1. Loop-only check: which GluC sites (Glu not before Pro) in the stretch A:1-91 are DSSP coil with at most 10 other Cβ within 10 angstrom?
2. Treating the beta-carbon of each Lys and Arg as +1 and of each Asp and Glu as -1, no other charges, what is the dipole magnitude of the stretch A:54-202 about its Cα centre, to the nearest 20 debye?
3. At a temperature of 10 °C and a viscosity of 1.306 mPa s, determine how fast the stretch A:103-249 diffuses translationally according to Stokes-Einstein, using the Kirkwood radius over alpha-carbon pairs as Rh; express D in µm²/s, rounded to the nearest whole number.
4. Between B:Asn189 and A:Val65, what is the label-point separation in nm under the 7 Å Cα-to-beta-carbon projection?
5. Which number comes out as Rg/Rh for chain A once both Rg and the Kirkwood Rh are worked out on C-alpha atoms?
6. To the nearest 500 deg cm²/dmol, what mean residue ellipticity at 222 nm is calculated for the protein assembly as shown from DSSP H runs of n ≥ 4 alone, each contributing -39,500 (n - 2.57), summed and divided by the residues?
7. Taking the Cβ of B:Trp15 as the centre, find all other residues whose Cβ is under 10 Å away and add up their charges (Lys, Arg: +1; Asp, Glu: -1).
8. Across the residues of A:241-249, average count of Cβ atoms on other protein chains within 10 Å?
Protein chains: 2
Amino acid sequence: MKRIESIKNPQVKQWKKLHTKKERDKTGTFMIEGFHLVEDALKSNAVIRELIMVETVDLPANWNVDNQSIVLVTEEIMKEISDTETSQGIAAICEQYNDRKDLTSFSKLLLIDAVQDPGNLGTMIRTADAAGIDAVIIGEGSVDVYNSKVLRSTQGSIFHIPIIKANLFQMIGKLKEKNVKVFGTSLKNAVDFKEVSSESSFALIMGNEGNGVNPDLLELTDQNLYIPIYGESESLNVAVAAGILLYHLR
Amino acid sequence: MKRIESIKNPQVKQWKKLHTKKERDKTGTFMIEGFHLVEDALKSNAVIRELIMVETVDLPANWNVDNQSIVLVTEEIMKEISDTETSQGIAAICEQYNDRKDLTSFSKLLLIDAVQDPGNLGTMIRTADAAGIDAVIIGEGSVDVYNSKVLRSTQGSIFHIPIIKANLFQMIGKLKEKNVKVFGTSLKNAVDFKEVSSESSFALIMGNEGNGVNPDLLELTDQNLYIPIYGESESLNVAVAAGILLYHLR
């Protein structure tokens, strides 16, 4: 068990850097905070590089940390590396999901095109997990999935469901080769979602909060769906719309 | 047209107080900010007490403000009364919705029990509007619906759909007298939502993020529904769940 007492330790600086996407991309790692997320990481297949704990924190008795590399730190250090206002005194450095071989086994997918709001992206991952979706594919132009606000909004689902960053044009091509039915979401040239029935294999594309799904992607789909608006609101929140469609299609 | 130039003007102090629930309750008014919300207020039946504008702001040509009481202010004053980081230079003081007579005409309602997160409450109001629900009833213990974060999350739906603060126990009693079918949401003693069919008149109760709907309310319902979790997530976000159920029931 390692112990770090100085806030000037280079390791502390390194952890802090993980609040930037650049450093997360470079290292292929990300930081999670708090008991809930760390517990989900421990219970999942996630690779945990380091478990970081304030010395005075007691681990729950049912946690198995035998094979974990634990680093004890001071409260001051935890505060320094934490992104939350009141740290629970526990954090972990995890490896980003990177198993692309899985792809062939997925039959229900959520594809995300340029979703900007961390809360929306995290909630969509949580919703996809709940709906029993096999994987979430994140296209270019979305907020980074390893952003701390996204991670918190997933409520742990980041560790329950494979999250793969990929080019959506290529992804749609591959899915169609596998005869997975690809649904876009759009207000134009689209059918009411209630007119399609549930599918044993499908991919649903949800798009940017303001602009929707990229029209070039919509050209490639098998069918585009819309959710009718019966009142006066202009649109639904993208995570709410994803929930309605995923629970309908599955 | 009134003009206020001093930040010490008592009116400025009064507007600023509207950021507290206490003052909103006392005056029966609330403040909205930005072009989108003010436009929705102007187009709706909302009673606007004052339209507050920075002198240099141009109103869109299609806005009808002939009968509005306009107050011109300095940028400094707008910044002082604004709750956003970058004000658009326009705000309005509106009266809270208070027409209880309507109640008898509602056949599709969303009842909200102790929802705490402003984003969740606002998104649920937006979703209820989209789903063509007649009114949203807010029980005790929920975040104040006239909180600025709730208002922003409604994306204008606060002006499209009646929002009524009421005691949910009494409300359920009244609805049952009118033969409106009342659905609770619960993980225990509940049926899969897909087993119930759409209803011409119904009330759906959504509950607190952590604890769900008050068990005493669940005792009073006609039926309690749950949304199955097919993956490993513990639950759905409450606004996502509301969307799935409202679009299923309507």
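All of the numbers you see were taken from the coordinates with simple rules; none came from a lab. Everything numeric in this text was worked out from a predicted model, so none of it was measured. FYI the Cβ positions are ideal-geometry reconstructions off the backbone, even for glycines, and counts take in every protein chain you see.
1. Filter output for the stretch A:1-91: A:Glu85.
2. On the way: 14 positive and 21 negative charges, 190 e Å.
So the magnitude is around 920 debye.
3. Working: Rh = 15.0 Å.
Answer, rounded: 106 µm²/s.
4. Distance between the two pseudo-spin positions: 4.1 nm.
5. That ratio equals 1.03.
6. On the way: 18 runs with 154 residues, N = 500.
The helix-only estimate for the protein assembly as shown comes to -8500 deg cm²/dmol at 222 nm.
7. Its environment carries a net charge of 0.
8. Numbers: counts 5, 2, 12, 10, 3, 3, 13, 4, 0.
Counting Cβ atoms of other protein chains within 10 Å of each residue's Cβ and averaging gives 6.
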